[in-house]
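J.: Have a look at this one before I ask anything.
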Amino acid sequence: MTPIRLCRPTPHLHRTACQRPRAGWRGSANEDRYGLLVTDLVQAASPVVMGILNVTPDSFSDGGRYADLDAAIAHGVRLRDDGAHLVDVGGESTRPGADRVAAETEADRVRPVIRELAAAGVPVSIDTTRARVAELALAAGAQVVNDVSGGLADPDMARVVRDAGCPWVLMHWRGHSREMRELARYGDVVADVKAELAQRVEAALAAGVAADRIVIDPGLGFAKTAAHNWELSARLPELLALGYPLLFAASRKSHLGALLAVDGTPRPTEGREIATVATSVLAVAAGAWGVRVHDVRATADALAVWRATGSPRLAATGSSGPAGASSTGPAGAGGAQTSGEQR
Ligand code: PMM
């Protein structure tokens, strides 16, 4: 693997050497289309905030809310105005147990939204595991591919991303929604996720994707119990050692609901925002490149505080996990995925 230099978020506004396109930066054709935006995002000096816009009827937190085109566009613009560097548009729910939708349905949901947001100057990423949907979304104006399968679900995805020259978020993934619960079996969850992410990065590089287009993501909630999510959250420096920018996406997920449960009843998704902000800031302080969140304003405010206090970095925690969390099954803070919980 060719590790790229990871630019840590810093409070400085001027461009550092590692923010400038490096030798090997892939040509002016890609720069024309993705140019500075891409350079700024993947090699950003400040943490990148990705706002979530699911145009699905059934996503676990915002499902059904933005199925209407005008509502979706208005929300995407609001996310940008609140401070999102990217608005992540998804047309297929990936909550555990969800049925797949047809590729045409997924594409029909996302394309008009992306087209309008791009026309309004909102930078968009497409959240899809399908190469064809990614291709159509890029043609409609998306600038980043966010692939929760890390390229595993569709063997053609690497070609699409390589040809576009756009950034590619490779998330750790073991299987589609219907089967992911049974796949939450690990020896040491951090070591296993790290090794599997390294394989996905290798595959992307082998397919010709440039190293400076790659972002990794541990995939909280995807074939992970609550204990796995906490352990990954606590040991991000081990994943950062892979040498790639890391996206952290805990927003409103079920381990937060379980942590805040009262009498065994998980806190509903709307009540998980403060916990989301806390975990996002901790991730950035540990070195995450960016966070993917529903409430962009709350996150942006918290990151402004983090910057104003000198962007303090946490000491690397080494390999010991959080107290009480087990990597082999549900235990510790939050315990198992509660049935009925979405992620
Ligand atoms: N989680 C969801 C959807 N897309 N993308 C990335 N990169 N990482 C994630 O953890 C992730 C994702 C599911 O959450 P949602 O229903 O709130 O979008």
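J.: Fewest Cβ neighbours within 10 Å first, please rank Met157, Met180 accordingly.
T.: Fewest-to-most ranking of Met157, Met180: Met180, Met157.
J.: Mind ordering 262-274, 234-246 by average Cβ neighbours within 10 Å, highest first?
T.: 234-246, 262-274
J.: Okay, next question. Ranked highest first by the average count of other Cβ atoms within 10 Å around their residues, in what order do 122-130, 94-102, 281-289 fall?
T.: On the way: 122-130: 26.6, 94-102: 17.3, 281-289: 22.2.
Final packing ranking: 122-130, 281-289, 94-102.
J.: A further question on this structure: Mind checking the dipole of the stretch 48-308: about its Cα centre, +1 per Lys or Arg Cβ, -1 per Asp or Glu Cβ, Debye to the nearest 20?
T.: Dipole about the Cα centre, nearest 20: 280 debye.
J.: Work out how much length Leu69 to Asp82 would gain on full extension: take 0.36 nm times their residue separation and subtract the Cα-Cα distance, in nm to one decimal.
T.: Between Leu69 and Asp82, full extension yields an extra 2.7 nm.
J.: Taking the Cα centre of the stretch 48-308 as the origin and placing charges on Cβ (Lys, Arg +1; Asp, Glu -1), which of Ala71, Leu303, Met171 is farthest toward the positive end of the dipole?
T.: Leu303
J.: On full extension of the chain, what length is gained from Arg100 through Leu260, given 0.36 nm per residue of separation minus the C-alpha to C-alpha distance?
T.: Numbers: separation 160, 0.36 × 160 = 57.60 nm, distance 3.03 nm.
This chain segment gains 54.6 nm when fully extended.
J.: Let me ask another. So for His85, His228, His172, fewest C-beta neighbours within 10 Å to most, what's the order?
T.: His85, His172, His228
J.: Shifting gears a bit: Average projected area of the Cα convex hull of the stretch 48-308, in nm²?
T.: Over every viewing direction, the Cα hull of the stretch 48-308 projects on average to 12.8 nm².
Where a number appears in this text, it was derived from the coordinates with a stated rule and is not lab data. What you are looking at is a predicted structure, and each value in this text was computed from that prediction instead of being measured. Glycine also receives a Cβ, built like all others from the backbone with ideal geometry; neighbour counts cover every protein chain displayed.
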